[in-house]
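Written below as structure tokens is the structure these notes are about.
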Amino acid sequence: MGEDGMIYIPPVAAYPKQYLTQLREEIGALKAKITAGEQPVFDSVDALFQKLEEEA
């Protein structure tokens, strides 16, 4: 209970199960690409921008 005997109910976001399943699959695919060295990983946003500038 909150102050003065009030009950506080925080807002909750609900997502369709299909959306969450698709999101899990996409994350799994990205993790596999990272492990295989197919997806670059950057230590910072600055490193990402530097790589993008080099490729331009």
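What part of the accessible area of the chain, given as a whole %, is carbon or sulfur when the probe is 1.4 angstrom?
58
Sorted by packing (mean other beta-carbon atoms within 10 Å per residue), highest first, where do 7-19, 42-54 land? Present the calculation step by step, with values, prior to reporting the outcome.
On the way: 7-19: 6.2, 42-54: 9.9.
Listed from highest to lowest mean packing, they are 42-54, 7-19.
So what's the angle, to the nearest 10 degrees on a 0 to 90 scale, between helix 17-36 and the longest Cα principal axis of the chain?
30
Measure nothing but the geometry: give the 0 to 90° angle between the long axis through the Cα atoms of 45-55 and the longest principal axis through the Cα atoms of the chain, rounded to 10°.
30
Treat each spin label as a single point 7 Å out from the Cα along the C-beta direction, and report the Ile9 to Gln39 distance in nm.
3.8
With r defined as the distance between the Cβ atoms of Lys17 and Ala56 and R0 fixed at 35 Å, what FRET efficiency is calculated, to the nearest 0.05?
0.30
Would you calculate the separation in nanometres between label points at Phe49 and Leu30, each defined as 7 Å from the Cα along the Cα-to-beta-carbon direction?
Result for the modelled spin labels: 2.1 nm.
The values are calculated or read from the model by the stated rules, or taken from the named source; none is laboratory data. Here the structure is a predicted model, which means the values were calculated and not measured. For neighbour counting, all protein chains shown are included, and Cβ atoms are generated from backbone atoms with ideal geometry for every residue, glycine included. These area figures cover heavy atoms from the full protein model, side chains too; ligands, DNA and RNA do not enter into them. Shrake-Rupley method; radii C 1.70, N 1.55, O 1.52, S 1.80 Å.
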